[in-house]
Amino acid sequence: RDAESRGIMKTEADWQSIARAEVRLFGSVTAAISHKINNRFAVINEKAGLLQDLAGMMVRGKEVDPERIRVQSGKIAEQVRMAKLVVKNLNRFAHSVDVEQAEVDVTELIEFVTALYSRKAEMADARLKVTKSPEPAMVTTSPFALEALIGRGIEIALSTSGESRVVAIDAHAISGGVVVRFGGLEGLGEPLDFPEAAKITALLECLEASVRSEADGTALLLEIPDQQLSLHGRTA
């Protein structure tokens, strides 16, 4: 790979590699999100049915407390609000492929990706806990590739989380980039030889990133370089 001649912009071959590696990720995330939307629809349908029953009682001349109608209408409005938020996240995820390079707030991106993976965490009987660093953790990189890498990191963390079933995720700036840490794990070794590790090879190469575990095997570390700084270093 001739990174020096290519600069920070990814070639068509890069994007084909990412597409092959991550098309299943798109399917998995959208399936989880559609399930959440269907859950909202189910609740809305249930509350709408109750309102129909109340309306039927009123037609038959029975007295109905207006407060019951107000409460159920409010619950429908809340479900619509939550469904719109889910759709907003889905749209953001879909459009993250539109920009090849951008300056990214890594902590904010982690919060976004953990929202996408909330259902997977629930299914794994685990909780994702994001801690904000007092200092901004910014890098110039591929937003979609970084979202996908963080998503894969979450999957790895969920499959290796410890007894507490809490995966603690944070990001902090280092010289030339950012480190994303997935804590609360157990049994990680070096080299990382679990099956999921092979799924992130193309992403690591695209982002010029690296992955390792902490010495005690309780945390997974992703080191994400600032590719804008990398470019400046190559062209100076």
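Coordinate-derived values only; no laboratory data. For clarity, every value in this text was computed on a predicted model and none was experimentally measured. Backbone-built Cβ (ideal geometry, glycine too); neighbour counts: all protein chains shown.
With θ taken as phi - 60° and the Karplus curve 6.51 cos²θ - 1.76 cosθ + 1.60 applied, the whole-hertz 3J(HN,Hα) list for region 120-132 is 4, 5, 4, 5, 8, 6, 9, 10, 9, 10, 9, 10, 7 Hz, x standing for glycine and proline.
Rounded to whole numbers, the Karplus 3J(HN,Hα) couplings from phi for region 40-47 are 5, 4, 4, 5, 4, 4, 5, 5 Hz, using 6.51 cos²θ - 1.76 cosθ + 1.60 with θ = phi - 60°, and x at Gly and Pro.
So which GluC sites (Glu not before Pro) in region 45-81 are both in a DSSP loop and have at most 14 other Cβ atoms within 10 Å of their Cβ?
Glu63
May I ask you to list the trypsin sites (Lys or Arg not before Pro) in region 41-148 that are in a DSSP loop and have at most 11 other Cβ atoms within 10 Å of their Cβ? Those that pass, being in a loop and sparsely packed, are Arg60, Lys62. Counted by Cβ distance under 13 Å from Leu116, the other residues give a net charge of +2, where Lys and Arg count +1 and Asp and Glu count -1.
Couplings for region 205-210, taken from phi via the Karplus curve 6.51 cos²θ - 1.76 cosθ + 1.60 with θ = phi - 60°, read 5, 4, 8, 6, 9, 9 Hz in order; Gly and Pro are left as x. Projecting the Cα atoms of Met123, Val139, Ala83 onto the charge dipole of region 66-190 (Cβ charges, centred on the Cα centre) puts Ala83 farthest toward the positive pole. The amide H of Val104, built 1.01 Å from its N in the peptide plane, has Val139, Thr140, Thr141 as neighbours under 5 Å, considering only residues 5 or more places off or on other chains.
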